[in-house]
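Each remark here refers to the structure printed beneath this line.
The values are calculated or read from the model by the stated rules, or taken from the named source; none is laboratory data. All values derive from a computational prediction rather than experimental measurement. Accessible surface is based on the protein model in full, side chains and every heavy atom, while ligands, DNA and RNA are left aside. Shrake-Rupley method; radii C 1.70, N 1.55, O 1.52, S 1.80 Å.
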Amino acid sequence: VGSYRDISRESLSLFWLLEPRIEILVLGTGDRVERLHPAMLKQMRECGIAVEVQDTPNACATFNFLTTEKRMVAAGLIPP
């Protein structure tokens, strides 16, 4: 995935295959927050995974915070 435009159902499918299962996926979309297609977000929710979309610096901070809380979290980060 080179940009937020490349995020697709297929690129997100890895996250619902992980064991142990994650609760939250933090996506960093580069320099700014970008909108993702609502169907992709709905699909993740249906798999039991909440998605937090942020610019990458804030996504890193959110990921670090959630791991200190011992949450089952993963991150997908596009460099700013």
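Couple of notes before you dig in:
- Taking the range 32-46 as the range and being more than 13 Å from the chain's Cα centre (by Cα) and either open to solvent by less than 80 Å² (accessible area, probe 1.4 Å) or at pLDDT 95 or above (or both) as the test, the residues that pass are 32, 39.
- Those residues of the range 2-17 which are within 11 Å of residue 78 (Cα to Cα), over 11 Å from the mean Cα position of the chain (by Cα) and either part of a loop (DSSP other than H, G, I, E, B) or among the aliphatic types (A, V, I, L, M) (or both), in sequence order: 2, 3
- From the options 20, 57, residue that is open to solvent by 30 Å² or more (accessible area, probe 1.4 Å), at pLDDT 90 or above and in a helix (DSSP H, G or I): 57
- Scanning the range 60-80 for residues that are in a strand (DSSP E or B) and open to solvent by 70 Å² or more (accessible area, probe 1.4 Å) yields a single hit, 77.
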